[in-house]
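Asks: Can you read through this structure? Questions will come right after.
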Amino acid sequence: MAGREAGGGGVAARAAQKLFSLSGLFAVYKPKGPTSAAVLNLLKEKLLAEAGVQTNGNKRKSQVLKIGHGGTLDSAATGVLVVGIGKGTKLLKTILAGSKKYTAIGLLGKATDTLDATGKVTEEKPYDQVTKRDLENVLQKFTGDIMQVPPLYSALKKDGERLSTLVKRGEAVEAKPARPVRVYSLSLQQFQPPLFTLDVECGGGFYVRSLVSDIGKELSTCASMQELTRTKHGPFTLEEHALHEDKWTIDEIARSLEHCMSLLPGEPSHKKFKTEHPEETAVSCEDK
């Protein structure tokens, strides 16, 4: 019995050593419902549990897993969420500035306070006059370097607090000024009034919700986003790289890191970058 327990402890110790040696960027699939932070916390809990690391009570510094995500997805959105682990957390700023691809479904004729399906309807307008050609022509105005006003319900902060938190508390919040954003490509995939489907490739700081709303205004009606899926972030795609929850294991992530780190241009060799010395992992770090 004691021997079996000792053996089990050895397995857990090896798993923990492997977990804390992981370093780099990989991608997970974010489902509809939880926040990006909640997805990251669940991932961390699963990895620590597999490694036999206790998260209750007093935590030794060596038991704190250095992990963070790059590019928040709204609760109602799905798709690619890039995760940095170990020294990979230092690369998240770089990935944040990179391009992202989305598929979005918009609804003509209804505006909401959040600009998406989670909010309260604030306006309704007729949309029967809008044709497929109208929509395609309008898209050209939103391609390239444009100015965009971020939504009030967003992760942007005022005095250290998210705008969305302030709005929900009923505090008066002024809209942030328009800021420059970049749209690399924008195309209409489907038009079944009142619904329309867009494929968007954009740079950092871009809000697809705002795009859908602005398209509605440009068409002399209104619009809100119904669904959003991030299909690519940097070199990581939904089909090839985003690990679903059943793959959130130490071994699967180690394999994914090997593949994902080889896709990053100009980064240190992924073979050198994948692992750290075990003694270097005894650092305290909170989620970014």
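The values are calculated or read from the model by the stated rules, or taken from the named source; none is laboratory data. What you see is a predicted model; the values in this text were computed from it and never measured. Note that each Cβ is placed from the backbone with ideal geometry, even for glycine, and that neighbours are counted across all protein chains shown. SASA here: full protein model, heavy atoms, side chains in, ligands and nucleic acids out. Shrake-Rupley method; radii C 1.70, N 1.55, O 1.52, S 1.80 Å.
Asks: Based on what the data block shows, is Ala38 open to solvent by 10 Å² or more (accessible area, probe 1.4 Å), in a helix (DSSP H, G or I), modelled with pLDDT of 95 or more and among the small types (Gly, Ala, Ser)?
Replies: Values: open to solvent by 10 Å² or more (accessible area, probe 1.4 Å): yes; in a helix (DSSP H, G or I): yes; modelled with pLDDT of 95 or more: yes; among the small types (Gly, Ala, Ser): yes.
Answer is yes for this residue.
Asks: Could I ask something else about it? Considering each residue of segment 216-237, count those that are in contact with a Lys or Arg (Cβ under 9 Å, 6 or more places away or on another chain) and either in a strand (DSSP E or B) or open to solvent by less than 40 Å² (accessible area, probe 1.4 Å) (or both), and give that number. I'd like the intermediate steps shown before the answer.
Replies: Here is the first cut: in segment 216-237, the residues in contact with a Lys or Arg (Cβ under 9 Å, 6 or more places away or on another chain) are 216, 218, 220-225, 227-228, 230-234, 237.
Still in the running and either in a strand (DSSP E or B) or open to solvent by less than 40 Å² (accessible area, probe 1.4 Å) (or both): 216, 221-225, 227-228, 230-234, 237.
Number of matching residues: 14.
Asks: Same structure, new question: Answer yes if at least one residue in segment 265-273 is charged (D, E, K, R), modelled with pLDDT of 95 or more and open to solvent by 80 Å² or more (accessible area, probe 1.4 Å), and no otherwise. Steps first, please.
Replies: From segment 265-273, those charged (D, E, K, R) are 267, 271-272; that's our starting set.
Then drop every residue that is not modelled with pLDDT of 95 or more, which leaves none.
No, the conditions are met nowhere in segment 265-273.
Asks: Enumerate the pairs (first residue in segment 2-18 and open to solvent by 80 Å² or more (accessible area, probe 1.4 Å); second residue anywhere and in a helix (DSSP H, G or I) and modelled with pLDDT under 75) with beta-carbon separation below 7 Å, excluding pairs fewer than 6 apart on the same chain, so at least 6 apart or on different chains.
Replies: Once the first residue is open to solvent by 80 Å² or more (accessible area, probe 1.4 Å) and sits in segment 2-18, its partners that are in a helix (DSSP H, G or I) and modelled with pLDDT under 75 give Gln17/Pro278.
Asks: Just the residues that are open to solvent by 20 Å² or more (accessible area, probe 1.4 Å), at pLDDT 95 or above and closer than 29 Å to Val82 by Cβ, please, taken from segment 130-149.
Replies: Phe142, Thr143, Gly144, Asp145, Ile146, Met147
Asks: For residues in segment 111-129 being touching a Phe, Trp or Tyr at 6+ places or on another chain (Cβ under 9 Å) and either over 27 Å from Lys30 (Cα atoms) or among the hydroxyl-bearing types (Ser, Thr, Tyr) (or both), which is surrounded by the fewest Cβ atoms within 10 Å (Cβ to Cβ)?
Replies: Pass one, segment 111-129, residues touching a Phe, Trp or Tyr at 6+ places or on another chain (Cβ under 9 Å): 113-116, 118-119.
The next check asks that each one be either over 27 Å from Lys30 (Cα atoms) or among the hydroxyl-bearing types (Ser, Thr, Tyr) (or both); those that pass are 114, 118.
Values: Thr114: 20, Thr118: 14.
The extreme case among them is Thr118.
Asks: What is the one condition in (1) modelled with pLDDT of 95 or more; (2) in contact with a His (Cβ under 9 Å, 6 or more places away or on another chain) that Pro126 does not satisfy?
Replies: Only one criterion in (1) modelled with pLDDT of 95 or more; (2) in contact with a His (Cβ under 9 Å, 6 or more places away or on another chain) is unmet by Pro126, namely (2).
Asks: Another question, if that's okay. Regarding segment 56-79, can at least one residue be identified that is aliphatic (A, V, I, L, M), part of a strand (DSSP E or B) and in contact (Cβ under 8 Å) with a residue 60 or more places away in the chain? Give the steps one after another, and end with the answer.
Replies: Applying the first criterion (aliphatic (A, V, I, L, M)) to segment 56-79 yields 64-65, 67, 73, 76-77.
From what is left, the residues that are part of a strand (DSSP E or B) are 67.
Then keep just the ones that are in contact (Cβ under 8 Å) with a residue 60 or more places away in the chain; that gives 67.
Yes, segment 56-79 has at least one match.
Asks: Please indicate, with yes or no, whether at least one residue in segment 159-169 is modelled with pLDDT under 95, open to solvent by 70 Å² or more (accessible area, probe 1.4 Å), not in a strand (DSSP E or B) and not acidic (Asp, Glu).
Replies: The answer is yes, given that some residue of segment 159-169 is modelled with pLDDT under 95, open to solvent by 70 Å² or more (accessible area, probe 1.4 Å), not in a strand (DSSP E or B) and not acidic (Asp, Glu).
Asks: Just one of the numbered conditions (1) open to solvent by 30 Å² or more (accessible area, probe 1.4 Å); (2) modelled with pLDDT of 95 or more is not true of Leu25; which one?
Replies: All conditions pass for Leu25, except number (1).
Asks: Can you find a residue that is polar (S, T, N, Q), farther than 16 Å from Tyr207 by Cβ, at pLDDT below 60 and outside any loop (DSSP other than H, G, I, E, B) anywhere in segment 178-185? Lay out the reasoning, then the answer.
Replies: Restricting attention to segment 178-185, the residues satisfying the condition of being polar (S, T, N, Q) are 185.
Okay, now just the ones that are also farther than 16 Å from Tyr207 by Cβ, so 185.
If we keep only those that are at pLDDT below 60 as well, we get none.
Scanning segment 178-185, I find no residue that is polar (S, T, N, Q), farther than 16 Å from Tyr207 by Cβ, at pLDDT below 60 and outside any loop (DSSP other than H, G, I, E, B), so the answer is no.
Asks: Every residue in segment 83-102 that is over 17 Å from Cys202 (Cβ atoms) and in contact (Cβ under 8 Å) with a residue 40 or more places away in the chain, please.
Replies: Going through segment 83-102, the residues over 17 Å from Cys202 (Cβ atoms) turn out to be 83-93.
The answer is Val83, Gly84, Ile85, Gly86, Lys87, Gly88, Thr89, Leu91, Leu92.
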